[in-house]
Structure formats: C-alpha cells, structure tokens
Amino acid sequence: MKNHLIAEMFEQMADVLEFKGEIPFKVNAYRKASRIIKDLQIDIETLWKANKLNTIPGVGSGLAKKIDEFLETGRMTKYEEIVHSVPPGLIDLLKIQSLGPKTLALVHKKLNVETLEDLKRVIQDGSLAQLPGMGEKKAENILKGIQLREKGLGRIALGIALPLVEEIIKELKKLSHVGRIYPAGSVRRMRETVGDIDILAETDHGEEIVKKFVSLPHVTRVLAAGKTKGSVLVEGNIQVDLRAIKSASYGAALQYFTGSKAHNIRLREIAKRQGLKINEYGIFDGEKNIGGEKEEEIYNVLGLIWIPPELREDRGEIEAAKEKNLPELVTLEDINGDFHVHTEWSDGSGTIEEIVAKAEELGYSFVVISDHSQSAAYAGGLTPEKLVEQIKEIKRIGERTKKIRVLCGTEVDIHADGSLDFSDELLEKLDIVIAAVHSGFKQKVTERLIAAARNPNVTIIAHPTGRIISQREGYQLDLEKVMKVCAETGTALEINSYYERLDLNDINARKAKEMGIKLAIGTDAHHPNQMHSMRLGLGVARRAWIEKKDLLNALSLEKILQLKGKKKQECK
DNA sequence: GCCGTTTTCGGCCCGACTGTTTTCAGTCG
C-alpha cells in the first residue's frame, strides 16, 4: 500500500514549494491532496489500476499524472526535482515554532542558514535580528521554538489528557456563573493523541474564571491570563488553554475550536457559496447574526444535520450530513461487555470477583476473563492445567452472580510458526478466544495472523498491528491481507482500548467495517479500574464510523455466541 | 494545482496575535 508514501511525498513538495514562495493555493493543493490520500480507505494502487485516480477529491490531472508516473516507474520526476532543489534538512527547520517559510527563506538567502546549528549561530550573534522585518523579540521566539523542539514537547496520549481535562472542568464548574463547559479541539474529537488542550466555558465573568483557572493546583506555569483567555502549562509540560465565551456565541465557538481544521475549511467554503460567513462568533448573513448560540445552528443553517465531533475530519462526514445519512454511532450505553481483561491468574492485579464486580458497576451483561497463555512467561501465562482450573473457578463464580455472564476466555499467543499456544481441544472449552502476537514482531506476522484467523476457535485477533503510540511502529505486516481472511472467516478484529495501543486505529477500523469485519473493543485491563478505558476504544470506534451492528460489544451475548458458532461451522 | 447552481477562468477559509511597523506581513490554529 503506497498511500502513505505518496501522501508523504506531496507533503514534502508542499513544504518546499511554500519555502520557495510558490503561490499559497498551489501549496494548499498539494497539502490537501496529501491529507486526503493519507486518509483514503482503499489502496491507491487499486484506483490507479481502474483508471480512477481522478475520483480522489483534490487530485486533478496534474497530481494524477505524478501519481501515475510513480506507480508505473517507482519514481516521481517532479518530486525529485523539487525536493533536491534545497539543501537536505533545511525544510525540517519549518517544524520549529515561530519559524515559517518566509522567515526561513530570508535567513537562508541572507545568512546562508542551512542547518539547526547555523540557525542557532545567527540568533546568538545577533545577525538574524538585524534582518529587515526581524528584531530581538522575533529572534527570541524562534530560540524558544528551538528549545521547545529539543525538549521533545510533542503530543500526549488522549488517555492522559482526558482525566486531566475532567479534573479541571470539575473545579471550574464550581463557579456559579459558569454555564456550559466542554473541552474542544482534538480531545473532543477523541483523537488518539492531542497537542494542547482547549476548554471553553460559557460565562459573562471571564476575568474571574481565568483567575481561578491559572491558580489551579495543576498549574506549573502561567503563560497568559487575560479577560477572555487563560493559558497555562501543567505537569508534564502540557499546555491548557481556557476561553471564556458569551452565551450567544458559545455554539459557534465550540464548533470553531473543535475543528478539525480541514472540516472547518469545508464548512466555511459551503457557507461562502451560500453568501454566508462563519467565524468563532457565529454564522452571518452580511452583518446579521443568524446563529451561534448552539452548535447545531451552524450546521442546520448550512443545510446539514449536526455532525458528532469524532467524525469531523473531512472524511466524507459533510457529504453524509447533507444527505442526512450519517452513521448512528455506537455509544457507551450500547456497550454490553468487555472482551479483554486480565486477572491475578496471569499478570493482572485484580481477582476474578473484582473484575466481575466492576463489570456489574459498569452495567455490563457479560465480561470475558482472558488471561495470557503459557508461552507468555514474562506475563505469568497460564499452563493448560492452570487454564482448566481457571475455567472451573470462573464457572463457580459465574453461578453465584445472576446479573452478569462471566465468560471463559484466553489471550492465546500466536507462535512464530502460526500455531497457537493451546491445543484446539483446550480452546474448544472456552467461550471466547482472543489470539495475539507478543513476540517475533518481524517474523512472518501476516502469515501468522492469517493462520490464527483460519482457526475455527479464534473469535478475535487482539491488537492486530502491534503499534505502541509514539514508541513502536508495529509489526511488519500486510494488514489488508489479514483483513481479507478475517472477512472470509468471520473473525473479529480488536480495538484495543489501552491508551498507548488503540489498535486498530480509527482508519484501519473503518476499513475493517467497510470490508464487513466485526470489531470488538477490549480494554486489556490489568486492574479492574482500567476497565473504564472502554471509552477510549469507543472513541476510536466512533471515529471509525462504527455502528451498533458492527461492534460485538454492542450485540447481545446470544448473537455473539451465534456468530462464533457460525464461524466454527464454516471453518470446518 | 484544483475546481465549477459565479463551469474552462478566476477564484481558492477566517481571524487572532505578534512584532515589526506607521499600515502590515508572517505565523498559527
């Protein structure tokens, strides 16, 4: 699959063209095409073979020709020409905050800056500040940008951001004059990582709430504290912004600050075509405000139905909203159970009883106990004898509780040769079998996952790509091949809810859905409290346009066991 | 470079903030 590669090439071309002062619209055309290709649900090579490159929005004859050349010959002449026209590494400097293409072009031309070291030197010796349009402050800000980058201040996991936001909101809600208060930005869209955190508060007393905000115990540094906006750093160098918004424009502000950028650009284009204008204060017909108190108003005025934040990525949601054809996204209330939970029988730290109690508290009708198998020695994996013993114990506990079904499961290792860590005979005794790769990440992972999917006893493939957010790339595998077999055999794929995994991710989960594969959220909890992370996996599912019918967790237990029985029949 | 209820040219999202400037360019989200 070359989608990512091509998207990356166009992005690089956009950077260089911008640096060279090419008209912004051309630069944007490359950026837009890059983003859309990256998000594409199908292999761009498939479209190419069907002569359908021009059906990709943002790809016209010019870009289609470049893609065509690349897929035909493995090279893109224009790319090489453009990217090689600047010193290597120079364009990377654009990632420094406060240093944009214009400034970079200036220091490159006038001061021969080509590397980060060069840049530091011209700041320190004062020559950058001497350039026309530059000054002490500019130089200082760029230096701060460099330091920020060197400190590696990146994006943080949603699982870290969400609890933090909730604590802050809980504190601010105590003020009597605060009405609606929600996170905006990528937190509200449930992206797997977030840059900084935006919170919007409905209030007429901006100064007061900002004062309270910047004096919260979480705050390590106050960056700004005005009448309508406060900006702070909290522990872990996470930036949190609070905006005080008047009632009349709260909906417009929430819409505006939720983004995504691409989604908002599309909305403003639509508005413009209708002779309207959208900004963070409302939607306007000339000078006249025709909406903005509620977020729905912005969408409705444009002839769209309200779009759930998780869908706002310009991945087809606007077209669907126009047709009133948005998916009915699965909600937390739809979740009937958790498929992936560990106990102290392997490397978890809760008892089976504690897990069951937590599942009851969460209102589930079932929970699957799925401890590790024998090969996972590092995780205290169960021997076959231990598993037999555990099955008895689970049944004993299950009989005592009437409210909930406690299911026997396992997270069984897939060996390097594709065989499973327990015999089929033993696996048959279980209600749910989750199969996973935990070692040999570079050894024929595609073939191993396919072999597991073909096993009639395997219900779910866990964390299918093996990626760890901002730490590990994931297995070397051809996911599409694996998905084809899953679709064929009726094997479900997991959306692992652990905050550093979220695997499958939104794009792959959506692709799975479109291939007719069922998804199953598993929290991979190693302590009963971690079962609350269901909402992270749910966020991924919603971003993937998943509806009740696509998600095993939202089906009745009868239906789940029926699907499992069907797979067994067909695989035999 | 893309695109079309302003169709094959002439547009292309919007505003805040900052720092450099006396009216605006650059950067960011």
- Message: Take the conditions farther than 19 Å from A:Asn289 by Cβ and part of a strand (DSSP E or B) and apply them to A:Ala201. Does it pass?
- Response: yes
- Message: Take the residues in the stretch A:397-447 that are part of a helix (DSSP H, G or I) and touching a Phe, Trp or Tyr at 6+ places or on another chain (Cβ under 9 Å); name whichever of them is surrounded by the fewest Cβ atoms within 10 Å (Cβ to Cβ).
- Response: A:Thr446
- Note on the structure: Checked pairs for the stretch A:119-144, first under 20 Å from A:Asp92 (Cβ atoms) and touching a residue at least 24 places away in the same chain (Cβ under 8 Å), second within 9 Å of DNA strand B (Cβ to nearest atom) and outside any helix (DSSP H, G or I), C-beta under 7 Å and 6 or more apart or across chains, list as A:Asn141/A:Ser98; A:Ile142/A:Ile96; A:Ile142/A:Ser98; A:Ile142/A:Leu99
- Looking at the stretch A:482-495, is at least one residue closer than 20 Å to A:Ala435 by Cβ and among the hydroxyl-bearing types (Ser, Thr, Tyr)? yes
- Task: Please work out if A:Leu254 is among the aliphatic types (A, V, I, L, M), under 25 Å from A:Glu296 (Cβ atoms), more than 12 Å from DNA strand B (Cβ to nearest atom) and at pLDDT 95 or above.
- Result: yes
- Note on the structure: The condition of being under 30 Å from A:Leu119 (Cβ atoms), of a type in the set (Phe, Trp, Tyr) and touching a residue at least 12 places away in the same chain (Cβ under 8 Å) holds, among A:Phe25, A:Phe10, only for A:Phe10
- Task: Please specify each residue of the stretch A:64-103 satisfying the condition of being without any contact (Cβ under 8 Å) to a residue 12 or more places away in the chain and part of a loop (DSSP other than H, G, I, E, B).
- Result: A:Gly74, A:Arg75, A:His84, A:Pro88, A:Gly100
- Query: Applying the selection to the stretch A:52-63, what residues are near DNA strand B (Cβ under 6 Å from one of its atoms) and not in a loop (DSSP other than H, G, I, E, B)?
  - Reply: A:Ser61, A:Gly62, A:Leu63
- Note on the structure: Here the residues within the stretch A:147-201 that are within 13 Å of DNA strand B (Cβ to nearest atom), in contact with a Ser or Thr (Cβ under 9 Å, 6 or more places away or on another chain) and over 23 Å from A:Pro308 (Cβ atoms) are A:Gly154
- Could you tell me which of the residues A:Glu269, A:Glu354 is within 12 Å of DNA strand B (Cβ to nearest atom), out of contact with any strand residue (DSSP E or B) (no Cβ under 9 Å at 6 or more places or on another chain) and part of a helix (DSSP H, G or I)? A:Glu269
- Go through the residues of the stretch A:162-184 one by one and say whether even a single one is part of a strand (DSSP E or B) and at pLDDT below 90. no
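The values are calculated or read from the model by the stated rules, or taken from the named source; none is laboratory data. These numbers were taken from a predicted model, which means no experiment stands behind them. Note that we place each Cβ from the backbone using ideal geometry, even for glycine, and neighbour counts take in every protein chain shown.
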